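For reference, the structure discussed in these notes is given below.
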Amino acid sequence: MINRERLYKRFMVLCAIDAEPTRERPMADRLTVLLTELGFTVEEDAAGDAIGGNAGNLLARLAGTGPGETLLFSCHMDRVVPGRGVKPRVDGDWFVSDGTTVLGADDVSGIAAVLEGLTVVRERGLAHPPIEIVFSVAEELALLGARQFDTGRISSRCGFVLDAGGPVGEIVLRAPEQVKLNAVFHGRSAHAGFAPEQGISAIQMAAAAITRMQLLRIDGETTANIGSISAAGPTNIVADRCELQAEARSLDPAKLDAQVGGMTGAMASAAEEFGGRVEIEVVPCYPGYRLTEEAAPVRRAARAAQRIGVPVRFKSTGGGSDANIYNGKGIPVVVLSCGYEKVHTTEERISLDQLAGLAEWVLAILVDDVAVDV
Ligand SMILES: [Zn+2]
């Protein structure tokens, strides 16, 4: 029932719009027009001001024409850098960029699929429940936009975030909680040639701490990474300051606590051993979530996938998404796989069939309670 040509064209048009994180203004304006044309009332919040961006999160509402609970669909407008001047093209069965930028299928595929599903519903006059759409900003900056969004404005208790790799039909039941660690090591400066023994190297301290940490893949549910280590100074001075940024994630809160404890412990023991000190800030970034196969959005998404004939597979993810924020506020929202591959690289791609399948999935979710002649 979906119109592939219209879907593909819109996908490429939206990919070509510049929308790096906090610079989503052109995308927000275009989507506001498209949603308004579909009959939605669209509001933009002040998240842009709060995060130093040029656009806020869009919340669009459409009254139902049939029975059923309000549905929420959510995607993010931004894409990672390099995401400006994208020139999407078709290469065989795939949408790709020209290799100098990402494609932006993360998350334009979700946006285009939602718009196509809605367009079909409207042009065919299909009965649908009330619909809420959120298109967020700065998702790629640790969910910065969604963290500013007032989820009290959402009435839906059945939501779908279209924002995960993997084939259409995959449903993400669990996502990790993330914590960031910002540490500053303090040593003592001294002339590196005349009197190095009087100095305490903050860089050495940080290096020792890192070698004592368990990092990267900890277990099936837990990961940790050092993002940056920085100290600036000439070689003839023992560095008295070194900064370190790290993160840890886990699907299991107890494992996350243990991992963070291990990392802070390694920093504290290294600082003590070298005779310096370390200040550590542990910043909760976003909560994790865990839905069962019985949760309303999970059941609805699974039914819809079966109806369009794609295999349903439940999985967990190591990445966060706006769904972490909604679920943290008590709104059951499940993440759907969009079919895109190699995201966050200039080789990002999505097959034509997967994009079409995603739009069909959205449509089947929308008209779940209605007999449809497919
Ligand atoms: Zn994404």
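For region 31-75 and region 243-280, what is the separation of their C-alpha centers, rounded to whole Å?
40 Å
What do you get for the angle between helix 352-366 and the principal long axis of the chain? Use alpha-carbon atoms, 0 to 90 degrees, nearest ten.
Roughly 70 degrees, rounded to the nearest 10.
Plugging the Kirkwood radius over Cα pairs into Stokes-Einstein for region 179-285, at a temperature of 37 °C and a viscosity of 0.692 mPa s, what D comes out in µm²/s?
231 µm²/s
For the chain, set up a Gaussian network in which alpha carbons nearer than 10 Å are linked by springs, and say which option among Val102, Val260, Val33 fluctuates the most.
Comparing Val102, Val260, Val33 in a Gaussian network model of the chain, the most mobile one is Val33.
From the backbone phi of region 307-317, what are the Karplus-calculated ³J(HN,Hα) couplings (6.51 cos²θ - 1.76 cosθ + 1.60, θ = phi - 60°) in whole Hz, Gly and Pro given as x?
5, 8, x, 10, x, 8, 9, 8, 8, 10, 10
Using unit Cβ charges (K, R positive; D, E negative) and no other charged atoms, how large, in debye to the nearest 20, is the dipole of region 220-333 about its Cα centre? Please list the in-between numbers first.
Working: 12 positive and 13 negative charges, 205 e Å.
The calculation lands at about 980 debye.
Which value, in debye to the nearest 20, gives the size of the charge dipole of region 179-285 about its Cα centre, when Lys and Arg are +1 and Asp and Glu are -1 at the Cβ?
So the dipole magnitude of region 179-285 works out to roughly 160 debye.
Roughly how tilted is helix 105-123, in degrees to the nearest 10 and between 0 and 90, from the longest Cα axis of the chain?
Its long axis makes an angle of about 20 degrees.
With springs only between Cα atoms under 10 Å, which of Ser316, Ser136, Ser74 fluctuates most in a Gaussian network model of the chain?
Answer for the Gaussian network model of the chain: Ser316.
Enumerate the amide H contacts of Val334 below 5 Å, restricted to partners 5 or more residues apart or on another chain; note that Pro and chain-start residues carry no placed amide H.
The list, which skips near neighbours in sequence, is Gly159, Phe160, Val161.
Cut-off 10 angstrom, C-alpha nodes, Gaussian network model of the chain. Which of Ala63, Ala268, Ala254 fluctuates the most?
Comparing Ala63, Ala268, Ala254 in a Gaussian network model of the chain, the most mobile one is Ala254.
Nearest 10 degrees is fine. How inclined is helix 4-15 to the longest principal axis of the chain, computing both from alpha carbons?
So the helix axis and the longest Cα principal axis differ by about 30 degrees.
Could you list log10 I(q)/I(0) for region 94-135 at q = 0.17, 0.22 Å⁻¹, which the Debye formula gives when each Cα is one point scatterer?
Result of the Debye calculation: -0.60, -0.79.
Under the Karplus relation 6.51 cos²θ - 1.76 cosθ + 1.60, θ = phi - 60°, what is the ordered set of whole-Hz ³J(HN,Hα) values for region 225-238, x standing for Gly and Pro?
8, 8, x, 7, 9, 9, 8, 10, x, x, 6, 8, 10, 5
Among Gly117, Cys285, Val134, which residue has its Cα furthest toward the positive end of the charge dipole of the chain, with +1 on Lys/Arg Cβ and -1 on Asp/Glu Cβ?
Gly117
About the Cα centre of the chain, how large is the charge dipole given +1 on each Lys and Arg Cβ and -1 on each Asp and Glu Cβ? Please answer in debye to the nearest 20.
Here the chain has a charge dipole of around 300 debye.
Pop out the Kirkwood hydrodynamic radius of region 269-374 from its pairwise C-alpha distances, inverse of mean 1/r, in Å to one decimal.
Its Kirkwood hydrodynamic radius stands at 17.1 Å.
Run the Debye formula on the Cα coordinates of the chain, all scatterers equal and no solvent, and tell me log10 I(q)/I(0) at q = 0.06, 0.07 1/Å.
-0.27, -0.36
Counting helices only, and only those DSSP H runs with n ≥ 4, report the 222 nm mean residue ellipticity of the chain as the sum of -39,500 (n - 2.57) divided by its residues, in deg cm²/dmol to the nearest 500.
Value at 222 nm, helices only: -10000 deg cm²/dmol.
Residue farthest toward the positive end of the dipole of the chain, with Cβ of Lys/Arg at +1 and Asp/Glu at -1: which of Gly104, Leu143, Val80?
Gly104
Every number in this text was worked out from the coordinates using simple rules, so none of it is lab data. Only a predicted model underlies this, so the values are computations on that prediction, with no experimental measurement involved. Note that we place each Cβ from the backbone using ideal geometry, even for glycine, and neighbour counts take in every protein chain shown.
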